[in-house]
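Worksheet for the structure shown next.
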Amino acid sequence: MSPQERLTTIAILGPNAVPEYVLMHLLEERENYAVRLLKAPPAAAAPSGKLGVGSIEALLREVDVVLVWPSLGEGAIEEFLGDMESAPATAAIPVLALSSSLAMALQDEVAVEVPLERHVESLLRDIEAALGSDQEGISPGAGEDFLPT
C-alpha cells in the first residue's frame, strides 16, 4: 500500500462473539482493511436506546462501511440505523447485512456447503460495490452472491 492510500475501515455491529473475531482477522489479512468491532446494545438496554449525534459520529469516525450481524434483533438494528441517519457525518455510510450462511460458516465451516473463503471473497465484492455506489439503507445478504458448486 502506498503512503497516499488509506485503509478501508469496516465496523462490524454484533454481539462480539468468536465468529466476529474470526471475520475481523480474515478481513484484516487483506492489506487494505482495518476492522472495528462494535458491541450491539442489548434489546432492553434503555427505553430510547439512542446514542445521540455526537456519540454515533465518534463511534463511526473514519468508518467506511458497517456490517450488521444477522442474529441481531430488528429493534437494535433499527435504532442503530436511526442514530446513523440522524447524524450528518454518518448518514451516508453504507450498511450491509451479513448473510446467515456467512455467519454459520464462521462458526462451523464444516457445517456449510460453500467454503468460508468463498463467502469472504463474496463479502469483499459486496463491500467494494457498496463503497462505489450511492446506495442508501441496508443491503441484505452480504457475502452470498455466488452459486454453490
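The values are calculated or read from the model by the stated rules, or taken from the named source; none is laboratory data. Predicted model, so just to flag it, every value in this text is computed and none were measured. When we count neighbours, we look across all protein chains shown, and the Cβ atoms used for this are built from the backbone with ideal geometry, even at glycine.
The residue list Asp126, Asp64 contains one member that is free of Cβ contacts under 8 Å to residues at least 60 places away in the same chain, touching a Ser or Thr at 6+ places or on another chain (Cβ under 9 Å), surrounded by 17 or more Cβ atoms within 10 Å (Cβ to Cβ) and closer than 18 Å to Met24 by Cβ, which is Asp126. When the range 83-109 is filtered for residues that are surrounded by fewer than 18 Cβ atoms within 10 Å (Cβ to Cβ), of a type in the set (Gly, Ala, Ser) and farther than 22 Å from Leu60 by Cβ, only Ser100 remains. Checked against the criteria, Glu128 does not count as of a type outside the set (Ser, Thr, Tyr), modelled with pLDDT under 90 and on the phi < 0 side of the Ramachandran plot.
Taking the range 78-115 as the range and being modelled with pLDDT of 85 or more, aliphatic (A, V, I, L, M) and in a helix (DSSP H, G or I) as the test, the residues that pass are Leu81, Met84, Leu102, Ala103, Met104, Ala105, Leu106. Just to be sure before I move on: is Glu57 acidic (Asp, Glu), surrounded by fewer than 16 Cβ atoms within 10 Å (Cβ to Cβ) and at pLDDT below 95 in the structure I sent? When the stated conditions are applied, Glu57 does not pass them.
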